[in-house]
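Chemist: Questions regarding the structure given below will be posed in turn.
Read-outs: derived from the displayed coordinates by stated rules, not from any lab. Nothing here was measured: the structure is a model prediction, and the numbers come from that model. Because the Cβ atoms are built from the backbone with ideal geometry, glycine has one as well, and the counts that use them run over all protein chains shown.
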Amino acid sequence: MIVAIDGPAGAGKSTVARGVAASLGVGYLDTGAMYRALTLVALRDGVPTDDGPALAALAREHPVSLENGPAGVRVLMRGDDVTMAIREADVTAAVSEVAAHPEVRTEMVARQRAIMEHGDWVCDGRDIGSVVFPQAEVKVFLTASVDERARRRHAELVARGERVDLRAIRDDVERRDHADSSRAASPLVVADGAVVVDTTGIGVDDVIGRIAAMAREPAA
Ligand code: DC
């Protein structure tokens with residue numbers, strides 16, 4: 001069974017998807033981490049973020065690997081643990097441009113399908129229910145207001161000891177919403193058959209419980 005969770009930046013997808021996977025006892029695939037890891041190598045190797053074919057070649061050459069462990073998902077690239085590095089501001093600023101290239105998406109979608117071919121998975125991203133796995137048994141579009149998403153992201157960065165301005169984060173959330181929804185290749189959309197879950201003001205455990213219940217009884 002596949003549970004596809006899509007939605008805009010900061011809707012809480014990864015926390016929710018991880019929780020749903022733990023509750024169901026199945027694997028979790030964070031597709032955003034795959035685009036982030038590619039962005040990180042591109043920045044480190046000086047591959048221009050506007051060169052789709054070169055980025056796709058880089059993705060083929062350096063496949064990212066994701067390991068589910070007790071402390072969450074570890075992201076490994078060329079043998080390095082890049083779990084933290086892929087969340088840094090420079091990667092976050094460049095990833096939308098990298099993810100917009102059709103050549104990059106073709107490469108990533110093929111790898112995501114291959115990973116999820118066997119077994120049960122909870123997968124989060126932007127195009128999982130619409131492109132990667134339109135046949136997913138459960139499809140959720142997770143969202144929240146821009147203010148709420150900016151507040152959550154701000155709290156997360158402050159907890160990591162970063163000094164950040166809430167206003168700048170709100171602007172960045174809006175910019176990424178626009179970039180992800182308006183790109184030509186697989187824009188962020190509510191997939192056919194997806195249930196829209198607005199998490200504004202709802203606790204994360206409630207959201208996890210609701211989606212896990214949908215997965216236990218997909219036809220309900
Ligand atoms: O969910 P996230 O913030 O880690 O995603 C990082 C970027 O990757 C974001 O700009 C959208 C893009 N992305 C995508 O285009 N398709 C996916 N399936 C997952 C992420």
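Chemist: Looking at the range 157-173 only, could you name the residues that are more than 12 Å from S96 (Cα to Cα) and either in contact with a helix residue (DSSP H, G or I) (Cβ under 9 Å, 6 or more places away or on another chain) or hydroxyl-bearing (S, T, Y) (or both)?
Modeler: Across the range 157-173, the qualifying residues are L157, R160, E162, R163, V164, D165, L166, R167, I169, R170, D171.
Chemist: Looking only at residues in the range 6-16 that are among the small types (G, A, S) and near the ligand (Cβ under 10 Å from one of its atoms), which one is nearest to A191 (Cα to Cα)?
Modeler: Taking the candidates together, the pick is G7.
Chemist: Collect the residues in the range 109-132 that are near the ligand (Cβ under 8 Å from one of its atoms) and buried (at least 24 other Cβ atoms within 10 Å of the Cβ), keeping them in residue-number order.
Modeler: D124, G125, R126, D127, I128, V132
Chemist: Having 2 or more residues that are touching a residue at least 60 places away in the same chain (Cβ under 8 Å), within 23 Å of A4 (Cβ to Cβ) and touching a Pro at 6+ places or on another chain (Cβ under 9 Å) is the bar; report the helices (runs of 4 or more DSSP H) wholly within the range 125-220 that clear it.
Modeler: It comes to 166-182.
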